[in-house]
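Okay, so here's the structure we're looking at.
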Amino acid sequence: MQLTLEFGGGLELLCDSVKIHSVNVDLPAEEKKLTMKHLLAWVRSNLIKERPEMFMKGDTVRPGVLVLVNDCDWELSGQLETTLEDKDVVVFISTLHGG
Amino acid sequence: MQLTLEFGGGLELLCDSVKIHSVNVDLPAEEKKLTMKHLLAWVRSNLIKERPEMFMKGDTVRPGVLVLVNDCDWELSGQLETTLEDKDVVVFISTLHGG
Amino acid sequence: GSESGHDLTPDMIYRYSRQLLLPSFGVQGQSNLLKSSILVIGAGGLGSPALLYLAACGVGRLGMVDHDVVELNNLHRQIIHGEAYIGRSKVESAAAACRSINSTIEIVEHKEALRTSNALEIVSKYDIVIDATDNAPSRYMISDCCVLLGKPLVSGAALGLEGQLAVYNYNGGPCYRCLFPTPPPTTACQRCSDSGVLGVVPGVIGCLQALEAIKVASLVGEPLSGRMLLFDALSARIRIVKIRGRSSLCEACGDNATVTHQKFQHFDYEKFTQSPLSAAPLKLKLL
Amino acid sequence: GSESGHDLTPDMIYRYSRQLLLPSFGVQGQSNLLKSSILVIGAGGLGSPALLYLAACGVGRLGMVDHDVVELNNLHRQIIHGEAYIGRSKVESAAAACRSINSTIEIVEHKEALRTSNALEIVSKYDIVIDATDNAPSRYMISDCCVLLGKPLVSGAALGLEGQLAVYNYNGGPCYRCLFPTPPPTTACQRCSDSGVLGVVPGVIGCLQALEAIKVASLVGEPLSGRMLLFDALSARIRIVKIRGRSSLCEACGDNATVTHQKFQHFDYEKFTQSPLSAAPLKLKLL
Ligand SMILES: [Zn+2]
Ligand SMILES: [Zn+2]
């Protein structure tokens, strides 16, 4: 499944400072759909190069990270249970405090 | 065919000051596709309430109006010959000179 | 005068004429603005453009809070301050700049740090709050204070080459804690003073904060509530995304909220976020 | 000094420290900026924030062109000017403001209207041009001049509650005439002075113009070339759209371009656009 993953607010530093990743993620064995839960595990294994604790806590993202699926907060689509479709755009962004 | 039409840069004044129009445009009789040429004629008949010369000149838009189909200049998709698809977003925007 | 249906003096009509001419703003929008009061917390990178535009456009009463003094390394982004004010209070400097562009509005100087002990009293005097601070504990404290007092909050942030903007606690929308119930780990909370920022990035966000506050104050347009603006200066990309609504489980604004006036005044936001309200001095080692 | 690999003095290192700290900007970006020269045409609504941020961030030489004087009805949006400068030259006022925030850069005052007779000479002295004017003939004249001299052009516009932004004539991208080969009818060319503008709207666009100029000057990031930003303040919506590339048929930059240095100096842009270079006085009838 073709997905665009974007990292911002400093999270790109965890993946070689690259903000936009065009990726191909296979469906997990014996599953019919790809969920955010699976994608997070995939991102942690395949894209995060350092300090994974700055990206995840337990099986979800760490506090202060917003997850957007097609420009919409994943809280509105079921968080970890959100089902992804081909060509979806998923954004992971860390909230900023500077001024 | 379901389309979203947006007017900006003052062009909304020609359609009752409404910027965003969700419309249903039927395919022209004996045609298999809807082109921008057809849509312009449809807009002129159905949405433009006053001063049509501020929107069109001849069979195209007047000078100073940008046309964007799905956030892309229609010059890149064939101008009047651009074929529209269901759920496309077409923006008509007048260039501004103020400062 | 009252016989003409508005309260604008001839001087005001002349000064604000370009705004009065706007059909979607006009006399009503300007009158609302002149009757409103806005508090800007932080007279730094975000506060500089926000304060200048709010003073210029005719907000009736404009308050500013900051305890810092102007330093040379602020000037690359804090355009409200000039070299002549280095070493002097940021609030004094900002107030002088605002008065020089509009002597007809009321400008209120709060030369102190915003703390749980004074926040309720200061914020209660204004209709709308702009969070232009630079640290996590202030952001939680200001949001909680705005929820307690029912004030709309225009929150902006900028760091490096990115910026973020949202309007909280407005018209049934979420508060800052609805979005971020748990503070991020300390290591994720970088400040401009530690990590750097391109000067014009807070400039863009600060202008947009002024705009959102003007919309709320004048009752014109659709404020950025339930939405968030994400700005990436490097690639010139801006996303406006839909965020969650008010959470019934929110500690501050939910059905069983635990934040009360009483608790607020004794809450330790530095401990809660494990992060200080004031920045440590910069150690810049260049080559 | 040269042994440390950069040309920054200790004062500069301190002043620009927050920009030097940025990995994607850093010493190289700041050095490029300090060596660059930028011309801002128009010290009004767009020029105000653009000039302040360009002066603050450390552009080496900053030029400004305007022949107008400051009026009270400018002050709601032209935040670089104070009440004390009413009746005086906008360029003098803007230059004083820029010097007060950064006395270490070179500031050049061009207290005259930009015309075909002086444009080539003035523009040739700068690396990058910002169009912060308010009328159609100036926009065509400035674009043609930039094409003739090979200068990147950061073009912004604001009216009412909307704004637009693009970088022209940059890196093989289109010029203003590629997009708008034929001027619009006069009735479509409204100015802020006729139609009004909410003060902070040119504020947002002017900041973004400064940002794009900084990116071009410092060789950092992707400038907004071949793209256009469309800003709708009322609904808080921003679109960044893809626009056409350079047109081979363009009169200014195409394969058989007809605009030459010689022709430019005698071209009548007011006649071409059927619109004057200077605004007529406002007739405001309120109620
Ligand atoms: Zn809440
Ligand atoms: Zn061209």
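In the context of the full set of protein chains, residues of the protein assembly as shown present 37 Å² of accessible surface per residue (probe radius 1.4 Å, heavy atoms only). Annotation note: trypsin sites (Lys or Arg not before Pro) in segment C:107-148 located in DSSP loop regions with a Cβ neighbour count of at most 16 within 10 Å are C:111, C:115, C:125.
Antiparallel beta bridges, as assigned by DSSP with both residues in chain C, represent about 45 percent of the total such bridges.
FRET efficiency for residue C:194 and residue B:30, Cβ-Cβ distance as r, R0 = 51 Å, nearest 0.05? Given R0 = 51 Å and the Cβ-Cβ separation, E is 0.15.
With each run of n ≥ 4 DSSP H residues scored as -39500 (n - 2.57), what mean residue ellipticity at 222 nm is computed for chain A after dividing by its residue count and rounding to the nearest 500 deg cm²/dmol? Please list the in-between numbers first.
Working: 1 runs with 11 residues, N = 99.
Roughly -3500 deg cm²/dmol at 222 nm, from the helical runs in chain A.
Summing charges over all other residues whose Cβ lies under 12 Å from the Cβ of residue A:3, with Lys and Arg as +1 and Asp and Glu as -1, gives -4. Using only the Cα atoms of segment B:2-94, build the gyration tensor, take square roots of its eigenvalues as a ≥ b ≥ c, and label the shape rounded, prolate or oblate: rounded if a/c is under 1.5, else prolate if a/b is larger than b/c, else oblate. Since a/c stays below 1.5, the shape of segment B:2-94 is classed as rounded.
Take residue D:108, move 7 Å from Cα toward the beta carbon, and the resulting point lies 4.8 nm from the same point in each other copy, nearest first. Let me know the shape class of segment D:154-287, please: from the alpha-carbon gyration tensor, a ≥ b ≥ c as square roots of the eigenvalues, rounded when a/c is under 1.5, otherwise prolate if a/b is greater than b/c, or oblate. Verdict is oblate for segment D:154-287. With the simple model of a label 7 Å out from the Cα in the direction of the Cβ, residue C:268 to residue D:100 spans 4.4 nm. Distance from the Cα centroid of segment B:27-99 to that of segment D:139-193 is 21 Å (rounded to whole angstrom). Angle check, please: helix A:36-46 long axis (alpha carbons) against the longest principal axis of chain A (alpha carbons), in degrees 0 to 90, nearest 10. Taking Cα atoms only, the helix is inclined about 60 degrees. Apolar share of the accessible surface for chain C: 50 percent from carbon plus sulfur atoms, 1.4 Å probe. Of all lysines in the structure, those lying under 19 Å Cα to Cα from residue A:19, and not within fewer than 8 positions of it along the same chain, are A:49, A:87, D:215.
Going by accessible area, probe 1.4 Å, with all protein chains left in place, what is the ranking of C:275, C:124, largest first? Each step should come with its number before you reach the end.
On the way: C:275 15, C:124 60 Å².
Final ranking, largest accessible area leading: C:124, C:275.
Of the GluC sites (Glu not before Pro) found in segment A:1-93, the ones in coil according to DSSP and having at most 16 other Cβ atoms within 10 Å of their Cβ are A:30, A:31, A:50, A:85. The distance between label points at residue D:182 and residue B:1 comes to 2.5 nm (points 7 Å beyond Cα on the Cα→Cβ vector). Label-point distances for residue C:88 to the equivalent site in the other copies, using a point 7 angstrom along Cα→C-beta, read 1.7 nm when ranked shortest first. In this simple spin-label approximation, residue A:37 and residue C:71 carry label points 7 Å from Cα along the Cα→Cβ vector, and these lie 4.8 nm apart.
What does the charge count around residue D:267 come to, taking other residues whose C-beta lies under 13 Å from its C-beta (Lys +1, Arg +1, Asp -1, Glu -1)?
On the way: positive: D:115, D:177, D:263, D:271; negative: D:144, D:251, D:268, D:270.
Cβ neighbours under 13 Å give a net charge of 0.
Among the residues of C:34-47, the average count of other protein chain beta-carbon atoms within 10 Å of the residue beta-carbon is 1. Interface area, chains C and A: about 2600 Å² of buried accessible surface, summed, with a 1.4 Å probe and ligands, DNA and RNA left out. Note: relative contact order over segment A:2-94, using C-alpha pairs below 8 Å and six or more positions apart, is 41 percent.
Need one word for the protein assembly as shown: rounded, prolate or oblate. Basis is the Cα gyration tensor (sqrt eigenvalues a ≥ b ≥ c); a/c below 1.5 gives rounded, then a/b vs b/c decides. Working shown, then result.
Numbers: a/c = 1.35, a/b = 1.13, b/c = 1.19.
The shape class here is rounded.
Nearest 100 Å² is fine: what is the total accessible surface buried where chains D and C meet, probe 1.4 Å? Walk me through the numbers on the way to the answer.
Details: alone 14210 and 14200 Å², together 22070 Å².
Protein heavy atoms only, the D-C interface buries about 6300 Å².
Packing here is the average count of other Cβ atoms within 10 Å per residue, and on that basis the peptides D:198-208, D:218-228, C:21-31, D:74-84, highest first, run D:198-208, D:74-84, D:218-228, C:21-31. Take residue A:27, push a point 7 Å out from Cα through the beta-carbon direction, and compare it with the same point in every other copy: 3.2 nm, smallest first.
Taken residue by residue and averaged, Cβ atoms of other chains lying within 10 Å of the Cβ of C:24-31 number 2. Here segment A:2-94 has 47 percent of its accessible surface on carbon and sulfur atoms, given a 1.4 Å probe and all protein chains in place. Taking other residues whose beta carbon is less than 11 angstrom from the beta carbon of residue A:25, and scoring Lys, Arg as +1 and Asp, Glu as -1, yields -3. Which parts of segment C:71-109 would a label at residue D:86 reach, counting a residue when its backbone N lies under 19 Å from a point 7 Å out along Cα-to-Cβ? Taking a point 7 Å out along Cα→Cβ of residue D:86, the residues of segment C:71-109 whose backbone N falls under 19 Å are C:96-107.
The values are calculated or read from the model by the stated rules, or taken from the named source; none is laboratory data. None of these values were measured; they are calculated from a predicted model. As a convention, Cβ positions derive from the backbone with ideal geometry for all residues, glycine included, and neighbour counts pool all protein chains shown. The area values use the complete protein model at the heavy-atom level, side chains included, leaving out ligands, DNA and RNA. Shrake-Rupley method; radii C 1.70, N 1.55, O 1.52, S 1.80 Å.
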